[in-house]
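K.L.:
I am attaching a structure below and will ask some questions about it afterwards.
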Amino acid sequence: MAENNNFPKSWKKSSKPHKFCPGCGQSLALKNLGFVIDELQIADKTVYACDIGCSLLTWDMFEIDTIQTHHGRVVPTMVGFKLAKPSAITIAFMGDGGGYAIGAQHLINAAMRDDPITAILINNANYAMTGGQMAPTTLVGQKATTAPNGRDWQKVGKPIHGPEMLAEIAQEGSYIARTISTDIADCKTKIRKALQNQIDGRGFSFIEIISMCPVNWHTDALQSLDFSEKEMTKVYPLGEFKCPQKLA
Amino acid sequence: MPAKIIIAGEGGQGVQTIAKILTKAAKKSGKNVSYLPSFGVEQRGGVSLAYIQVSSRPIPYPRFSKADFVVTLSSRSCETIKNFISDNSLVIYDSAEIYEKDINELKAEIKRFVAVPAKNIASEKLSTKVANIIILGVLSAQLKDISFQDFQDTVLMELAAKIKIKPELKELNNSALQMGAEFAQNYESSDHLTGKSPDETVRSFENDKVKWTRFPEYCKGCSLCILSCPVKAITFAKDLNFLGTPMPIVDMEKCIGCGKCMQICPDGAINVEKK
């Protein structure tokens, strides 16, 4: 069999094909994360935690020590691990449901305390695993199973802007950014910076990755790309909201 | 005694669709019926199971350990159905989808079987998407208690929403069901299990600068590579990946080896190498 250079060395071979739906942006983000872990050569000292939701499908994604927790508790779990073993590189991987809704307090307090972990959050504008309900990140007017006429901001508020919110309370050594899974170069650079910030021991690192969910958006590949790259980036601008000078 | 039926396959192959049709057809024929879907947390992919019991008397419990009819649509589900096969079970399987090596591993368990090349029949005469309905047709010929008319009516009723958008589906599904039933009537049992021979798909394509490789065991047919190609060299081919969806194929005369398809593939199923 021909060698596959498109397969990160840190990915577990026996669990592939992975469990994500065809065209999922989350798996694309995880491929980028896998390549960055390979490049930084940190696979042997990394601990990876995944949250509940679609992100739990990554519990056998990597050839790395993995923990699975519920509803945003990846952040305090990884903070605890880091306190007990400061030489470890800890990655907390979650979705917008775990990070911005049920488990929001963990993320906010970790940012406030400047805990030296890396948190990666996937924003696909709905609760994907449970069937496409409205999430805090659902765009105004976007249809979801619990908002059949589209999100009405006068009743349920406007979409949450995580990185902007965390940048307000985070301290100087933090790295906070937003990227999109389909822009491979940008996505990889920001993941690398977020991990480098932790390796250098500066402080809290957080990136939000805009993703696609063709199954729950009921879109084909082209419409999904259009929606994530055009509609979502209009509401959620890409960029670095906080970046230590040495990383920039 | 109730007729116990287990249907297994890959999520997305239409296991639950045929299970629902069978359940509703049995109800329409005045039988008692129980249906228990069982699948993983994922919305696409993964092994999907359906437990069905049809009886003229009340059914006390929906699960069972041995089945009278074992239907399997994919190689990965062969391992799962192993425990449900008894000496009296009739195993109905898609011989155009399941690898010979996988079905042969069950040789010791299987006493009676019907090998249906459903995917080949479907792709040659109709459309690959109705392979599951052909299997249902074969199953309908075994279940004498439920009239064929009820099956026909329920297929159209269950797919009514889709038929409304695409009217040609009505004829397609109807002929698929009939083809399956005819196949079962004319079936002559052989004594050896047949299946798909391994690796018939072409993996690598080359020109003087680039080697382009695809991996059917990883590809999910999301078509992101097709959209990302700047020179429109990639199209869908007729051969299928492990999920039963079309796989991309590249026109090496156009390919410039930029590697965009490789980068955007979420499954790591394309490799582009410059020479």
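K.L.:
I want to check the label-to-label distance for residue B:61 and residue B:175. Put each point 7 Å from Cα in the C-beta direction and report it in nm to one decimal.
P.N.:
Result for the modelled spin labels: 4.6 nm.
K.L.:
Related question: Have a look at B:75, B:65, B:89 and tell me which one the Gaussian network model of chain B (Cα, springs below 10 Å) gives the largest fluctuation.
P.N.:
The residue that fluctuates most here is B:65.
K.L.:
Suppose the Debye formula is applied to equal point scatterers at every Cα of the protein assembly as shown; what is log10 I(q)/I(0) at q = 0.06, 0.07, 0.08, 0.09 Å⁻¹?
P.N.:
The calculated log intensity ratios at q = 0.06, 0.07, 0.08, 0.09 Å⁻¹ are -0.33, -0.45, -0.58, -0.73.
K.L.:
So how much slack lies between residue A:231 and residue A:245, counting 0.36 nm per residue of separation and subtracting their Cα-Cα distance, in nm?
P.N.:
The residue A:231-residue A:245 span can extend by a further 1.9 nm.
K.L.:
Can you tell me the 0 to 90 degree angle between the C-alpha axis of helix B:131-142 and the longest principal axis of chain B, rounded to 10?
P.N.:
In chain B, helix B:131-142 runs at an angle near 20 degrees to the longest axis.
K.L.:
Quickly estimate the mean residue ellipticity at 222 nm for the protein assembly as shown, helices only: each DSSP H run with n ≥ 4 gives -39500 (n - 2.57), and the total goes over all residues, rounded to 500.
P.N.:
-9000 deg cm²/dmol
K.L.:
Using θ = phi - 60° and the Karplus relation 6.51 cos²θ - 1.76 cosθ + 1.60, list the HN-Hα couplings for segment B:23-40 in order, rounded to whole Hz, with x at every Gly or Pro.
P.N.:
Per-residue couplings from phi come out as 4, 5, 5, 5, 4, 5, 7, x, 9, 7, 8, 10, 9, 10, x, 8, 8, x Hz.
K.L.:
Something else about it: Charges at C-beta only: +1 for Lys and Arg, -1 for Asp and Glu. How large is the resulting dipole of segment A:40-146 about its Cα centre, in Debye rounded to 20?
P.N.:
In debye, rounded to 20, segment A:40-146 gives about 220.
K.L.:
Take each uninterrupted DSSP H stretch in chain A, measure its Cα extent along the helix axis, and return the ones at 24 Å or beyond whose mean Kyte-Doolittle hydropathy is at least 1.0.
P.N.:
Both cut-offs are met by no helix.
K.L.:
Relative to the present Cα-Cα distance, how much length would full extension add between residue B:36 and residue B:157 at 0.36 nm per residue of separation?
P.N.:
Working it through step by step, the gained length comes to 41.5 nm.
K.L.:
How much of the DSSP bridge set in segment A:61-155 is antiparallel, in percent, rounded to the nearest 5?
P.N.:
25
K.L.:
Which order do the peptides A:18-30, B:93-105, B:118-130 come out in when sorted by mean C-beta neighbours inside 10 angstrom, highest first?
P.N.:
A:18-30, B:93-105, B:118-130
K.L.:
Pop a pseudo-label 7 angstrom from the Cα along the beta-carbon direction at both residue A:113 and residue B:253 and give the gap in nm to one decimal.
P.N.:
Label-label distance for residue A:113 and residue B:253, simple model: 6.4 nm.
K.L.:
Averaging the inverse of every distinct alpha carbon separation and then flipping it gives the Kirkwood radius. What is it for segment B:94-242, in angstrom units?
P.N.:
For segment B:94-242, the Kirkwood estimate is 18.0 Å.
K.L.:
List the Cys residues of chain B that have no partner Cys with a C-beta closer than 4.7 Å.
P.N.:
If one checks each Cβ against the other cysteines of chain B, B:78, B:219, B:222, B:229, B:255, B:258, B:265 turn up with nothing under 4.7 Å.
K.L.:
Suppose we keep just the DSSP beta bridges with both residues in chain A; what percent of those would be antiparallel, to 5?
P.N.:
Here the antiparallel bridges make up roughly 20 percent for chain A.
No lab work stands behind these numbers, since they all come straight from the coordinates. Since this is a predicted model, take the numbers as computed values, not measurements. Backbone-built Cβ (ideal geometry, glycine too); neighbour counts: all protein chains shown.
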